[in-house]
Amino acid sequence: MQAPPPPLARLRLPLAVAILGLACNEGLQPVRAPTACPPGFVGICGTVRFRGALPDSTQAVYLVAYPTFPRTRNDLFNFVPLPPQSIPTADSTYFYTLGIPNGRYEWVLAAWVKQGFTTANADTTLREAGFYRDKADTTKPGVVSVYGTGTDSINIVVDFANMHPISYYFPAAVRR
């Protein structure tokens, strides 16, 4: 006749089940998408919503921020962060975090880049696909301030059917 297992051995299975149950925390539910900047993050965060079909000629879509609204074609490359942050376009929404220095930003936008882009052909291969809008007048860019922590809810709608070439903002650039 075999002796009964010691009391500790009988507790192993229930203890293991309890530990696994606690480790799962909220069970096997899907992980929720973030909706706010992470603690300690410096920059801006928000949701990009995509509308329309992604053009076949897409090389990338980037998020960039300008401390001052660009006035000339040369100003187009005075953005942060460098290099620009590419964003995935596979889903209809994407929560982003854009690490940028403390400061004031006059234009935060999603820039669509056509295949074959170079700085020499930027007039024909870059498009403004969407930007953060002023809450009082949504036809204007919204100003974003970053001071030591993440600035939340800087949401952008990217509309692939309504993109603007840079000449839309800099008509003089086309005439040069």
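Read-outs throughout are calculated quantities, based only on the coordinates presented, and are distinct from any laboratory measurement. The structure displayed is predicted, hence computed values, not measured ones. Virtual Cβ from ideal backbone geometry, glycine too; neighbours counted across all protein chains shown.
Ordering of 89-99, 115-125 by packing is 89-99, 115-125, highest average first (other Cβ atoms within 10 Å, averaged per residue). The dipole here belongs to the stretch 37-142: it is taken about the Cα centre, uses +1 on the Cβ of Lys and Arg and -1 on the Cβ of Asp and Glu, and is about 140 debye.
When the Cα positions of PHE50, SER86, THR138 are compared along the charge dipole of the stretch 43-175, THR138 comes out farthest toward the positive end, with charges on each C-beta of Lys, Arg, Asp and Glu.
Rounded to the nearest whole angstrom, the semi-axes of the ellipsoid equivalent to the stretch 69-145, taken from the Cα gyration tensor as √(5λ), stand at 20, 17, 14, largest first. By the equivalent-ellipsoid construction on the alpha carbon gyration tensor, the stretch 43-175 comes out with semi-axes of 21, 18, 14 Å, ordered largest to smallest. I'd like to know which of LEU98, HIS164, GLN59 lies farthest towards the positive end of the charge dipole of the stretch 43-175, counting +1 on Cβ of Lys and Arg and -1 on Cβ of Asp and Glu. So the residue furthest toward the plus end is HIS164. Given R₀ = 22 Å, what would the calculated FRET efficiency be for SER57 paired with GLU106, taking r from the Cβ atoms and rounding to 0.05? E(calc), rounded to 0.05, equals 0.15.
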